[in-house]
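The block underneath contains the structure these notes are about, expressed in structure tokens.
What follows is calculated from the coordinates using simple rules that are stated; it is not laboratory data. Every value quoted in this text rests on a predicted model; they were computed, and no experiment measured them. All Cβ positions, even for glycine, are placed from backbone atoms using ideal geometry, and neighbour counts span all protein chains on display.
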Amino acid sequence: MKITLAGSPGSGKSTLRNMLAEHYGLKIKGTGDFMRELSKKHGYSDITKFIAEYVSEHPEMDLQVDEEQRIYGEENDDFVLDAHLGFHFVPDSIRICLRCDTAESARRILEDKKRTTEDAKTFSESIESSVKRREVMRKNYYNLYQVDIDDPDNFDFVLDTTSLSYEEVFKEVTSFIEQRISKNEV
């Protein structure tokens, strides 16, 4: 079974990814994994250094990460891929998108002490950062691939997680997956 997860920042993708992997016995893969593999190929042990020093001067690395997703999807089974364009590069996957109200996602991000990639210190900074990040991603992906990451037609299942607990999200998503399995669509 191939599952791809996309969605807005703070919607619960990482938590769901881990829950699905454990429940179905799937491998976990994410965009960051592909970037780390490329950094090693280019002699970097520190991904932040790789991004700052190499990727900023070689934007084709982003295209390479996308190509690595495509290849991984073709050559592997039984995984959950946490990647904004996973649905595009692994079209034979169960394509799931999680949405979340901007204010709620900003609150989640701000309160998540395990997050080390967010600099926002206040609620308004967190909202502004989330909105800007999503706009930039949407524009960049459309310019590169003519794909609108916010178009619900790209997905098999879209779920608004704003008012749902992690357990409720998991229950909704696994219910959808089980329906697909029972119809032999997986």
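Every listed requirement among (1) at negative phi; (2) in contact (Cβ under 8 Å) with a residue 12 or more places away in the chain; (3) of a type in the set (D, E) is met by E135 save one, (2). For the range 109-121, indicate whether the set of residues that are in contact with a strand residue (DSSP E or B) (Cβ under 6 Å, 6 or more places away or on another chain) and either among the polar types (S, T, N, Q) or at negative phi (or both) is non-empty. No, the range 109-121 contains no residue that is in contact with a strand residue (DSSP E or B) (Cβ under 6 Å, 6 or more places away or on another chain) and either among the polar types (S, T, N, Q) or at negative phi (or both). In the range 1-32, the residue that is surrounded by the most Cβ atoms within 10 Å (Cβ to Cβ) out of those that are out of contact with any Asp or Glu (no Cβ under 9 Å at 6 or more places or on another chain) and more than 16 Å from C97 (Cα to Cα) is A21. Residues in the range 1-49 that are within 19 Å of Y72 (Cα to Cα) and among the acidic types (D, E): D33, E37. Within the range 73-91, the set of residues being touching a Lys or Arg at 6+ places or on another chain (Cβ under 7 Å) and assigned to a loop (DSSP other than H, G, I, E, B) comprises D77, D78, V90. Considering only residues in the range 125-165 that are assigned to a helix (DSSP H, G or I) and among the small types (G, A, S), the one that is nearest to G12 (Cα to Cα) turns out to be S130. Here are some residues: E172, E168, E185. Which one is in a helix (DSSP H, G or I), free of Cβ contacts under 8 Å to residues at least 12 places away in the same chain and of a type outside the set (F, W, Y)? Step by step, each of E172, E168, E185 is checked, and only E168 is in a helix (DSSP H, G or I), free of Cβ contacts under 8 Å to residues at least 12 places away in the same chain and of a type outside the set (F, W, Y). Every condition in (1) over 14 Å from the mean Cα position of the chain (by Cα); (2) among the hydrophobic types (A, V, I, L, M, F, W, C); (3) not in a helix (DSSP H, G or I) is met by F50 except one, and the failing one is (3).
Return yes when I94 is within 30 Å of P59 (Cα to Cα) and touching an Asp or Glu at 6+ places or on another chain (Cβ under 6 Å) and no when it is not. Yes, satisfied.
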